[in-house]
1. Name the residue, out of 174, 141, that is at pLDDT 95 or above and assigned by TED's automatic domain parsing to the domain that holds residue 32.
2. Testing residue 259 on (1) part of a loop (DSSP other than H, G, I, E, B); (2) at pLDDT 95 or above; (3) within 17 Å of the chain's Cα centre (by Cα), one condition comes back false. Which one is that?
3. Looking at the range 283-306, is at least one residue under 18 Å from residue 380 (Cβ atoms) and surrounded by fewer than 21 Cβ atoms within 10 Å (Cβ to Cβ)?
4. If you go through the range 93-106 one residue at a time, how many are crowded, with 24+ Cβ neighbours inside 10 Å and touching a residue at least 60 places away in the same chain (Cβ under 8 Å)?
5. For the range 19-40, name all the residues that are more than 27 Å from residue 99 (Cβ to Cβ) and touching a residue at least 12 places away in the same chain (Cβ under 8 Å).
6. May I ask you to list the residues in the range 16-47 that are over 18 Å from residue 139 (Cβ atoms) and surrounded by fewer than 15 Cβ atoms within 10 Å (Cβ to Cβ)?
7. Could you identify the single residue in 385, 368, 362 that is closer than 16 Å to residue 329 by Cβ and out of contact with any helix residue (DSSP H, G or I) (no Cβ under 6 Å at 6 or more places or on another chain)?
């Protein structure tokens, strides 16, 4: 199946990142259309009808999320773009920020109008120096052309936009931690309810949407809900950006219709595995997703099918591991990341990631035993569903899948009783 270019249609045009280049391709026509021809509730209805689901990982229906904002609240409302792309294996949002910033701005504007927000924030990962500079320049251009500011297009609607850089914390990809960080507090998650749509930034109704989710909105407003539903699957309509990395011949960011299979992504789009080696494992949606095995290559890449296969579509960061991969070593690198990124607020996550890291490290050092495998599995299951935010689950789920599907790899490593040496991973 070939790529289906919607978000990436003009991504290789260097002029598209400028306001003139963006307008030459019809840019900001959807914003003008929404503001002058739609009521806010009609925008929400159109997005609901389109079936658009959040592209940041959770896959929650976007229009439904907007509808949770109370209509009778006297408090101001806020729209936040979550550009804190932190999921290992995922690098698709930064491409939109770098090469199509005005699509993100236009999507933010449409979403802000739909929920009645007059102030929008883009919370960008602090290490994204170049994307930040490109986006800030695009915001200035949007103000200069009258796409942002006061009385936009003579409609009486005001919208202002602020770019805020984060501190590079994985936890701030979770919306309540992001909101707390944006407000000047530590980036730590909060209990829900109340949900941000009711009580978010500064205690006011707030909607947080992912970069990719927002960038789709101008296309939906211009082309209609039926157009969006004509792509993808019935329950997962539209296209999705996938970051294909790992042991593939053509790693990169690709836009495909939802429902494309893993096999098509890896072999038809990604060119297969270097040296025609076999696949050992696939992480379909970023490091927080359970591992999949080669016998699942024909699984469609949509929210329901991946869930039925025991994993998640997540952020679309597809990581391919070939048969040379030491799964125990890969597990160690993965859990060490989550240990480092845990904010420490919840004991199961704070201590659980630490204990798992120590146990896997012990196995790699030649000091493990078979009982350690059971301990790892027990700790993971005692983390699931016992933390305020999903980071505990994100750390536990892939490790559980590895222990279940690759137990023999752990046993072989234990039986070797010799420490891991980095030269074992030298590529011939």
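1. 141
2. (3)
3. no
4. Qualifying residue count for the region: 9.
5. 36, 38, 40
6. 24, 26, 29, 36, 37, 39, 41, 42
7. Matching residue, one of 385, 368, 362: 362.
For (1) in a helix (DSSP H, G or I); (2) farther than 27 Å from residue 209 by Cβ; (3) touching a strand residue (DSSP E or B) at 6+ places or on another chain (Cβ under 8 Å), each residue gets a yes or a no:
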site: 320; (1), (2), (3): no, yes, yes
site: 360; (1), (2), (3): yes, yes, no
site: 373; (1), (2), (3): yes, yes, no
site: 379; (1), (2), (3): yes, yes, no
site: 393; (1), (2), (3): yes, no, no
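The values are calculated or read from the model by the stated rules, or taken from the named source; none is laboratory data. Being a predicted model, the structure only gives us computed values, none of them experimental. For neighbour counting, all protein chains shown are included, and Cβ atoms are generated from backbone atoms with ideal geometry for every residue, glycine included.
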